[in-house]
Number of protein chains: 2
Amino acid sequence: MNHSRRDFLHKFALSSLALPILPSFATEHTRWLRTQPQGPVLRVALLGLGGYAKRVADAMNACQRAKITGLISGTPSKLQTWGELYHVAEKNRYTYADIDDLKNNPDIDAVYVLTPNALHHEHVIRAAKAGKHVICEKPMAVGVREGKEMVAACASAGVKLLIGYRMRFEPNTLDVVRRRMEGTLGPINFFQGQCGFKIGDPNQWRLDKQLAGGGALMDIGIYAINGARYMVGEDPIWVTAQETKTDFNKFKDGVDETIQFQLGFPSGAVASCLSTYAMNFLDRFYLNGEKGFAELWPATGYGPIKGKTNTGTLTFPHIAHQTIQMDEMARILLDGAVPTLAVDGQVGLQDLQIIEAIYQACQTGRRQDIDFS
Amino acid sequence: MNHSRRDFLHKFALSSLALPILPSFATEHTRWLRTQPQGPVLRVALLGLGGYAKRVADAMNACQRAKITGLISGTPSKLQTWGELYHVAEKNRYTYADIDDLKNNPDIDAVYVLTPNALHHEHVIRAAKAGKHVICEKPMAVGVREGKEMVAACASAGVKLLIGYRMRFEPNTLDVVRRRMEGTLGPINFFQGQCGFKIGDPNQWRLDKQLAGGGALMDIGIYAINGARYMVGEDPIWVTAQETKTDFNKFKDGVDETIQFQLGFPSGAVASCLSTYAMNFLDRFYLNGEKGFAELWPATGYGPIKGKTNTGTLTFPHIAHQTIQMDEMARILLDGAVPTLAVDGQVGLQDLQIIEAIYQACQTGRRQDIDFS
């Protein structure tokens, strides 16, 4: 290692460790939470009642610090069945047309936006203007311009914006991050992130450019992008990328099937990533350092996440990711807690900036610098 | 999967299986060899008595079908100590100046060229002209032009040329290849090959462009190239590549430290590979198919190789790779056996053609088609 790299890493390690962090990492924290006098409960309205919203709603049953107090959907029958199932008062059920009325509802602290990607922009901005904190599912938007407008809207409304990066609270993941921060792995030189699955129904919104804003990269490849950042502990400065399409019927223009991309970091570390809607068995992170390694496999599925390092296996018990996420987000939004790994709008926006550079690199066939301005 | 891909894979599977192959895979074969009446022994002269030659020589102690009967070195003292250690008659010890005299020596069937990469060209051609079969360590040469001349020289001398691709005889590796050929993994869509280590002594020949012909890619990255071909079961048609250098003192001009490269195959499968002289813990193959996966980790070290698939772990007993290799090469050279995975000069030449395309892709920053002509 040359000196400039060593100096960089030294400075980086210090600045990372100097951040105020949660009292401990997620598992310990969750145990701790359960034995502490409880703080106030975050009262959440779910906006967009699809499959993932159901998963969030069910996981929130186990939360100590968050509960569902509102529902927002374009489908009146869903408002009724979900309302009964999750005990949400009729007065707290809204159609999209009535989002703005949230400002008069004291039962709701935050809105969790769970609609298809292209709708996040409108829904986040309207929720913010109604004076509610916003949690937005990833990707936060379908483009950098939209993402910036969302960050600005939340700032000017004086509300917080968080992105649903559930892995940033996952105990095995955080344990690897801790090892990297503490230097156990030595300076990091390589990260590999493979994220994908074979997508089913060709008519779902995830394969519709208008609603999804792209293909696998927007939906599942983003885990490798976001993962590269928290695993390596730096933000990438360049990207190269190669797109492959084998099924032109299922994956239409603008909907990516498989993209390989490579990231370069200021320290000289590199990352090799795969994003795909056409392959199973691929859900793996591998972090390599001068003194050790860590693997997560599966790395980003709904769990259990399994991990191992050069010194053994990781054995954190599985807790539904969305349960931990919502308890932690309650602490961020209500107590002002600063999480180990940030989940704010800026983090979401930077992922969009990297995504745009990846799409650009696919098109030009050339290395692209990443513009975080 | 679209139809054209399915048709391709179907045809491919048939053509692969139609090849005549060894009676079984390497472990079974080795067991079988030990219980059969032995065929003639391949009498081998080792040319170039460095560290790897020592490993080959020691492994050959356990061979049934190959033995050392000659030694060729530029260092007289080595000829004496090695000659005594391996019981090689004084008349069968040669300096480089006397290689051509091998033609008059009936005690030697084949020459195993183990000199630094840039010397392979001269040594292989001289051994072939002396009428001996040639085994040449990989990479077979430092460039495509040299490789072609070596293939041509062996053909015109009527001798066989084999390349020291020891992994092509390794039992866990061959078991994965068998699964791919039999269709257990389904059509292959992705291969990952990470090959590297942190190289020590900055003054060794492997870091000298004149002798090595390059850096990590020539020495260790070639395992990922060669592995991609036998794991996927196709030859790549395009490559993209990105070079990173963190230590400009150790890795001088023309000596690559770290290269990421990506390969595209006719079926639409893709590969993601890493070649490095700057990282430890990286020696992993991962093969992904529509129906299953296989991992080898370590994948190419001297063993034991460890493997697992979606259905369990691979448990082949470890035998020194060079022992199996030399027994199998005896059968190829003396009995005309056709191995499951070819190890002839053409395979070596194709790796050089891919290497040149990778270096070109690093320089141009653009995708390069691979020229196998």
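The values are calculated or read from the model by the stated rules, or taken from the named source; none is laboratory data. None of the values given here were measured: they were computed from a predicted structure. So basically every Cβ, Gly included, is an ideal-geometry build from the backbone, and we count neighbours across all protein chains shown. These area figures cover heavy atoms from the full protein model, side chains too; ligands, DNA and RNA do not enter into them. Shrake-Rupley method; radii C 1.70, N 1.55, O 1.52, S 1.80 Å.
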In whole angstrom, the spacing between the Cα centers of segment A:351-373 and segment B:293-317 equals 36
As straight-line cross-link partners of A:Lys252, the qualifying aspartates and glutamates (C-alpha separation under 12 Å, not fewer than 8 residues apart within one chain) are A:Asp208
Magnitude of the Cβ-charge dipole (Lys and Arg +1, Asp and Glu -1) of segment B:39-163 about the Cα centre, nearest 20 debye, reported as 260
Out of B:Gly183, B:Gly345, B:Gly312, a Gaussian network model of chain B with alpha-carbon springs under 10 Å gives the largest mean-square fluctuation to B:Gly312
Out of B:Asp100, B:Asp235, B:Asp219, a Gaussian network model of chain B with alpha-carbon springs under 10 Å gives the largest mean-square fluctuation to B:Asp100
Partner shielding of A:256-265, as the mean number of partner chain Cβ atoms within 10 Å, equals 3
Quick numbers on segment A:58-102, Rg and Dmax over C-alpha atoms in Å, give 10.9, 31
Here the equivalent ellipsoid of chain A, derived from its Cα gyration tensor, has semi-axes (largest first, whole Å) of 32, 25, 19
On the formula 1/(1 + (r/R0)^6), with r taken between the Cβ atoms of B:Lys91 and A:Lys308 and R0 of 51 Å, the FRET efficiency rounded to 0.05 is 0.35
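Tally the DSSP beta bridges in the protein assembly as shown and give the antiparallel ones as a percent, rounded to 5.
About 55 percent, rounded to the nearest 5.
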What one gets for segment A:39-163 as the Kirkwood radius, inverse of mean 1/r over different Cα pairs in Å, is 14.3
Hydrodynamic radius by Kirkwood for segment B:311-373, inverse mean 1/r across distinct Cα pairs, in Å, is 15.0
Relative contact order of chain A (C-alpha contacts under 8 Å, at least 6 apart) in percent is 19
Compactness check, segment A:96-240: C-alpha Rg relative to the 2.2 N^0.38 Å globular estimate gives 1.20
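Per-residue ellipticity at 222 nm for chain A, helices alone: DSSP H runs ≥ 4 residues times -39500 (n - 2.57), over residue total, nearest 500 deg cm²/dmol?
-11000 deg cm²/dmol
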For segment B:39-163, the accessible surface attributable to carbon and sulfur atoms (probe 1.4 angstrom, ligands and nucleic acids excluded) amounts in percent to 52
Taking placed amide H atoms and a strict 5 Å upper bound, the residues 5 or more places from A:Leu162 or on another chain that come that close are A:Val134, A:Ile135, A:Cys136
Here the relative contact order (percent) of segment A:138-238, from C-alpha pairs under 8 Å and at least 6 apart, is 30
Log entry: pair-distance distribution for the protein assembly as shown, C-alpha pairs binned every 20 Å from zero, whole % per bin is 16, 44, 27, 10, 2, 0
For A:Arg55, B:Arg331, B:Arg178, the accessible-area ranking with a 1.4 Å probe, largest leading, is A:Arg55, B:Arg178, B:Arg331
In chain B the DSSP beta bridges are antiparallel at a rate, in percent to nearest 5, of 55
The ratio Rg/Rh over the Cα atoms of segment B:283-327, Rh being the Kirkwood inverse mean 1/r radius, stands at 1.04
The alpha-carbon center of segment A:188-242 and that of segment B:80-100 are separated, in whole Å, by 59
Given unit charges at Cβ for Lys, Arg (+) and Asp, Glu (-), the dipole magnitude of chain A about its Cα centre in debye, nearest 20, is 560
With every protein chain in place, the accessible area of A:Leu114 for a 1.4 Å probe, in Å² rounded to the nearest 10, comes to 20
Measure of exposure for B:Ile355: accessible area at 1.4 Å probe, Å² rounded to 10, is 0
Kirkwood calc, segment B:34-86, C-alpha pairs only, radius in angstrom 11.9
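Ordering B:Glu290, B:Glu356 by how much accessible area each has at a 1.4 Å probe, largest first, what is the list?
Values: B:Glu290 50, B:Glu356 85 Å².
Ranking B:Glu290, B:Glu356 by accessible area, largest first, yields B:Glu356, B:Glu290.
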Using alpha carbon centers only, segment A:262-277 is separated from segment B:134-169 by a whole-angstrom value of 35
Checked against a 20 Å limit on the C-alpha separation, the offending pairs among B:Lys138/B:Lys250; A:Lys250/A:Lys306; B:Lys138/B:Lys160 are B:Lys138/B:Lys250; A:Lys250/A:Lys306
Once normalised by the length of segment A:39-163, the mean sequence separation of its alpha carbon contacts under 8 Å that are 6 or more apart gives a contact order in percent of 23
Two pseudo-spin positions, 7 Å from Cα along C-beta at A:Asp371 and at B:Lys78, lie apart in nanometres by 5.7
Under a Gaussian network model of chain B whose springs join Cα atoms within less than 10 Å, the largest fluctuation of B:Gln360, B:Gln350, B:Gln322 belongs to B:Gln360
The orientation-averaged projected area of the Cα convex hull of segment A:162-307, in nm², is 8.9
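Write out the GluC sites (Glu not before Pro) in segment B:80-157 meeting two conditions: DSSP loop, and at most 12 other Cβ atoms within 10 Å of their Cβ.
none
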Between A:Lys103 and A:Arg178, the two model label points (7 Å from Cα along the beta-carbon direction) sit apart by a distance in nm of 4.4
Both in Å, the radius of gyration and Dmax of the C-alpha trace of segment B:92-163 are 11.1, 33
Charge dipole of chain A built from unit charges on the beta carbon (Lys, Arg +1; Asp, Glu -1), centred at mean Cα; most positive-end Cα among A:Gly147, A:Thr173, A:Gln322 is A:Thr173
